[in-house]
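We did not get these values from a lab; they are worked out from the coordinates using the rules stated. Here the structure is a predicted model, which means the values were calculated and not measured. Virtual Cβ from ideal backbone geometry, glycine too; neighbours counted across all protein chains shown.
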Amino acid sequence: MHVIIGGAHNGKRAYVKTLIKEQGNNHVQWFEGELPKPGSESVVLAGLEKWLEQCGLGEEEAIARVIKSVENRAAILILTDIGRGIVPIEASQRELRDVCGRLYQRLLAKADEVTRIWYGIAKTIKKRGELS
């Protein structure tokens, strides 16, 4: 699993499109704000924060579903960092921010590679087998 993380509108999707093109992988399914069913096809998963906000599941069940949807397949996850900046006034938005943070921690721990995008600049911060 390769995780691409960064702030909103920092070029994550453009980076992934270029990465897929460079790899010559034309058989990637793209999921935006929804989870793929478990399987073996290559996927790109984006908008997890939107899915979490709308799924209506408890935290542990939501995290388990996300992890199950990307297990045993080539997956690129595009994660929007919503944990920086102003803390939301609404309790539900603060809870979403916290749940996203805990989910992202679990996904980054499982990831083979993590790339941070900051204003279109990519920096690898984790690569399985290498110290970063």
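Give me the net charge of Gly33's neighbourhood, meaning all other residues with Cβ under 11 Å from the Cβ of Gly33; Lys, Arg count +1, Asp, Glu -1. Local charge sum for Gly33: -3. Exposed loop sites here are GluC sites (Glu not before Pro) assigned a DSSP state other than H, G, I, E or B and surrounded by at most 13 other beta carbons within 10 Å; excluding them, the longest clear run of the chain is 91-132. If you sort the three axes of the alpha carbon gyration tensor as a ≥ b ≥ c, you get a/c of 1.5 or more for the stretch 8-95 and a/b no higher than b/c, which makes it oblate.
How much of the DSSP bridge set in the chain is antiparallel, in percent, rounded to the nearest 5?
So the antiparallel bridges in the chain amount to around 25 percent.
Taking the fewest neighbouring Cβ atoms within 10 Å as the starting point, the ordered list for Ile86, Ile121 is Ile86, Ile121. Between the listed residues Ile67, Trp51, Leu96, the Cα displaced farthest toward the positive end of the dipole of the chain, a dipole computed from Cβ unit charges relative to the Cα centre, is found at Ile67. Karplus-based coupling profile of the stretch 13-24, in residue order and whole Hz: 5, 4, 4, 5, 4, 5, 4, 5, 4, 5, 7, x, with θ = phi - 60° in 6.51 cos²θ - 1.76 cosθ + 1.60 and x standing for Gly or Pro. Given +1 at the Cβ of Lys and Arg, -1 at the Cβ of Asp and Glu and no other charges, the dipole of the chain around its Cα centre is 440 debye to the nearest 20.
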